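See structure below.
Each value in this text was obtained by applying a stated rule to the coordinates, not by laboratory testing. Note that this is a predicted model, so its numbers are computed, not measured. Because the Cβ atoms are built from the backbone with ideal geometry, glycine has one as well, and the counts that use them run over all protein chains shown.
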Amino acid sequence: MEALVASRVAFSLFFYNPNIHPRAEYDLRKAENIRFAEKMNLPFIDADYDKENWFARVVGLESAPERGARCTACFDMRFERTALFAREHGFGLISSTLGISRWKDLAQINDAGVRAAGRYPGMVYWTINWRKQGGSQRMIDIAKREEFYQQEYCGCVYSLRDTNLHRIKNGRLPIQRAIRFYGAPPPSEEVPATPPAS
């Protein structure tokens, strides 16, 4: 966002993330976005926490792996809503910062964005690769400077479940939400030893 502002590109932030679970996690992530948007003097568009429709959209995909069909359905839903809002409010171009995460499949994200924009004549989805030219490192540097919340899972209940199962299997504690922030010392992740039986 800082690079776009520095390049004098006018844009708005559209926050539509009905996948994020639980509600407290959603509220925290949204608050972080609002805080940065206000600092950058950017318009922030707050869409609904439409979780019932999200759950309906991913029925039958509860066990799909990360980067699988459930993620595609999730991206499609979110981009379709973004494109609809853009069309209704005179925006001709949409994009997303989802692809900056190394945990995400950039082609999967871009395909969903292109599909959504393709519903409306003249609308374009900008398939920029935010990871290139130091983008990933810039994201980390900004996150540390701003002391952003450090998200440890994608956001959905199934990602939280699968991440916790993986962590426990590997001797780590389950995710403790809302305690890790960039720039702050990480909390201990050691699994406490079981006290000996008396």
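Is there a pair in Lys51/Lys132; Lys30/Lys132; Lys51/Lys144; Lys30/Lys104 whose C-alpha atoms are over 28 Å apart, and which pairs would that be? Intermediate values should be presented prior to the final figure.
Details: Lys51/Lys132 33 Å; Lys30/Lys132 26 Å; Lys51/Lys144 30 Å; Lys30/Lys104 20 Å.
With Cα atoms farther than 28 Å apart: Lys51/Lys132; Lys51/Lys144.
Report the relative contact order of the chain, percent, no decimals, based on alpha-carbon pairs under 8 angstrom and at least 6 residues apart.
18
A simple charge model with +1 on the Cβ of Lys and Arg, -1 on the Cβ of Asp and Glu and nothing else charged puts the dipole of the chain at about 360 debye relative to its Cα centre.
With the helix formula -39500 (n - 2.57) applied to DSSP H stretches of n ≥ 4, the chain reaches a computed 222 nm mean residue ellipticity of -14000 deg cm²/dmol.
Against the set (1) 1.69; (2) 1.11; (3) 1.26, the structure's computed Cα Rg over 2.2 N^0.38 Å falls on (2).
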